[in-house]
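The values are calculated or read from the model by the stated rules, or taken from the named source; none is laboratory data. Please read these numbers as outputs of a predicted model, since none were measured by experiment. Cβ coordinates were reconstructed from backbone atoms using ideal geometry, including for glycine residues, and neighbour counts include every protein chain displayed. Please note that ligands, DNA and RNA were not included when accessible areas were found on the heavy atoms of the full protein model with its side chains. Shrake-Rupley method; radii C 1.70, N 1.55, O 1.52, S 1.80 Å.
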Amino acid sequence: MGLGSFAEKLKQLIQGSRGISEDFFEHLEDYLVEGDLGAQESVSVVEKLRIRCKKEGLSEAGEVRQLLARILVEELDPLYKNQGPLLNPQERGVFLILGVNGVGKTTSCAKLAARYQKEGRKVILAAADTFRAGAIDQLKIHGERLHLRVVAHQSGGDPAAVVYDALEAAHAQQAELVIADTAGRMHTKTALVEELKKIDRVIASRAGDWISRKILVLDATTGRNALSQAEVFHQAVHLDGVILSKYDSTARGGVVFPLGRQLSLPILFLGEGERYEDLRPFQLERFVGEFVGLA
Ligand SMILES: Nc1nc2c(ncn2[C@@H]2O[C@H](COP(=O)(O)OP(=O)(O)OP(=O)(O)O)[C@@H](O)[C@H]2O)c(=O)[nH]1
Ligand SMILES: [Mg+2]
């Protein structure tokens, strides 16, 4: 965690405060806002902290960190404790990987594929980014490295048709998981909605009893902007969860709280680098510990 992270600011605030004053709480609230929690959430968290500090008789600034961590965990606990696995052992599924340009969709597809393959699942990749030149080859390279079948059409083709063919191939070859890479696009909302809905219809018609998951990739370095991206995609197709990529290259991550509190969107994995194994299943306590600087 670099300087300017919430954890770093909290550390300095604690070091510079003798007791817990109103000034302390106000600074803390500002830092939470700057840490991408949003105003409403920050006010509410600090209010809970004020009450609990009083109730538990805390007077040292240093004691606040643990309590803050407990409160932050409690904020998201209802969402995360009901979170089952993306795919149960006996289930077969199709994951649609979504997001704006350059967030790490293709990399995340490959990481997920490697992860499920390691669990012994037969995985097929679908090159449904037919939009960007080079996207299909990029996925094919991952397929070669991981020894996975990649279903692809020509560049410029219909992404829904690619997903259709990938599902056909999966049925024919007794594969258990299709992971579909999609094209990154900015908030060109109508095109996005239409294209995703079409892919969705194809999945609904061809997947049978397969589990369909729509996973949004968000770049952790974009901070609060990630929340508006999530809103657009969630509205377009109901999302199941988020991969927060590039978590290794940022001091940020506070957007996890509004994603959970406002959109009920859980983080499924944290992307922690460019290697296949750099995909860490999200654990709430550990994440909060890192956020406040306990870890
Ligand atoms: N450090 C770090 N880099 C990552 C991570 N995930 C992806 N990247 C890098 O981010 C860049 C973009 O990744 P891609 O997977 O191509 O992103 P994309 O969303 O598919 O991009 P488009 O298809 O162009 O929209 C690449 O250089 C990746 O290596 C991560 O978790 N950590
Ligand atoms: Mg891509």
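So the values come out like this:
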quantity: Looking only at the stretch 183-192, and only at residues there that are at pLDDT below 70 and in a loop (DSSP other than H, G, I, E, B), the one that is nearest to ligand 1 (Cβ to nearest atom); calculated: MET186
quantity: Residues (small (Gly, Ala, Ser) and either in contact (Cβ under 8 Å) with a residue 60 or more places away in the chain or not in a helix (DSSP H, G or I) (or both)) located in the stretch 26-79; calculated: GLY35, GLY38, GLY57, SER59, ALA69
quantity: Residue list for the stretch 76-102, restricted to those being touching a Pro at 6+ places or on another chain (Cβ under 9 Å) and open to solvent by less than 10 Å² (accessible area, probe 1.4 Å); calculated: LEU76
quantity: Among (1) more than 16 Å from ligand 2 (Cβ to nearest atom); (2) modelled with pLDDT of 95 or more; (3) open to solvent by 10 Å² or more (accessible area, probe 1.4 Å) - the single one LYS246 does not satisfy; calculated: (1)
quantity: Selected residue (only one of VAL64, VAL73, VAL45 is of a type in the set (Val, Ile, Thr) and either touching a Lys or Arg at 6+ places or on another chain (Cβ under 7 Å) or open to solvent by 10 Å² or more (accessible area, probe 1.4 Å) (or both)); calculated: VAL73
quantity: Subset of the stretch 121-147 [assigned to a loop (DSSP other than H, G, I, E, B) and more than 16 Å from ligand 2 (Cβ to nearest atom)]; calculated: ARG121, LYS122, HIS147
quantity: From the options ALA175, ALA180, residue that is modelled with pLDDT of 95 or more, in contact with a Cys (Cβ under 9 Å, 6 or more places away or on another chain) and in the same structural domain as GLY157 (by TED's automatic domain parsing); calculated: ALA180
quantity: Residue match in the stretch 196-204 (condition: more than 16 Å from ligand 2 (Cβ to nearest atom), open to solvent by 10 Å² or more (accessible area, probe 1.4 Å), in a helix (DSSP H, G or I) and more than 30 Å from GLU168 (Cβ to Cβ)); calculated: no
quantity: Scope the stretch 87-120; condition assigned to a loop (DSSP other than H, G, I, E, B), touching a strand residue (DSSP E or B) at 6+ places or on another chain (Cβ under 6 Å) and either of a type in the set (A, V, I, L, M) or under 19 Å from SER249 (Cα atoms) (or both); matching residues; calculated: LEU87, GLY99, VAL103, GLY104
quantity: Condition broken by LYS111, with the remaining ones in (1) under 24 Å from GLN235 (Cα atoms); (2) open to solvent by less than 50 Å² (accessible area, probe 1.4 Å) satisfied; calculated: (1)
quantity: First in the stretch 263-276 and closer than 16 Å to LEU227 by Cα, second anywhere and more than 16 Å from ligand 2 (Cβ to nearest atom) and open to solvent by 50 Å² or more (accessible area, probe 1.4 Å), Cβ under 8 Å, 6 or more apart; calculated: LEU263/GLU231; PRO266/GLN83; LEU268/PRO281
quantity: Subset of the stretch 81-107 [of a type outside the set (Lys, Arg) and within 9 Å of ligand 2 (Cβ to nearest atom)]; calculated: ILE97, GLY99, ASN101, GLY102, VAL103, GLY104, THR106, THR107
quantity: Of residues in the stretch 132-157 being touching a residue at least 40 places away in the same chain (Cβ under 8 Å) and in contact with a Ser or Thr (Cβ under 8 Å, 6 or more places away or on another chain), the one farthest from ligand 1 (Cβ to nearest atom); calculated: LEU139
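This table checks each residue for (1) open to solvent by 20 Å² or more (accessible area, probe 1.4 Å); (2) assigned by TED's automatic domain parsing to the domain that holds VAL202; (3) modelled with pLDDT under 95; (4) of a type in the set (Ser, Thr, Tyr).
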site: VAL123; (1), (2), (3), (4): no, yes, no, no
site: ALA126; (1), (2), (3), (4): no, yes, no, no
site: ALA133; (1), (2), (3), (4): yes, yes, yes, no
site: ASP137; (1), (2), (3), (4): yes, yes, no, no
site: HIS147; (1), (2), (3), (4): yes, yes, no, no
site: GLY156; (1), (2), (3), (4): yes, yes, yes, no
site: ALA161; (1), (2), (3), (4): yes, yes, no, no
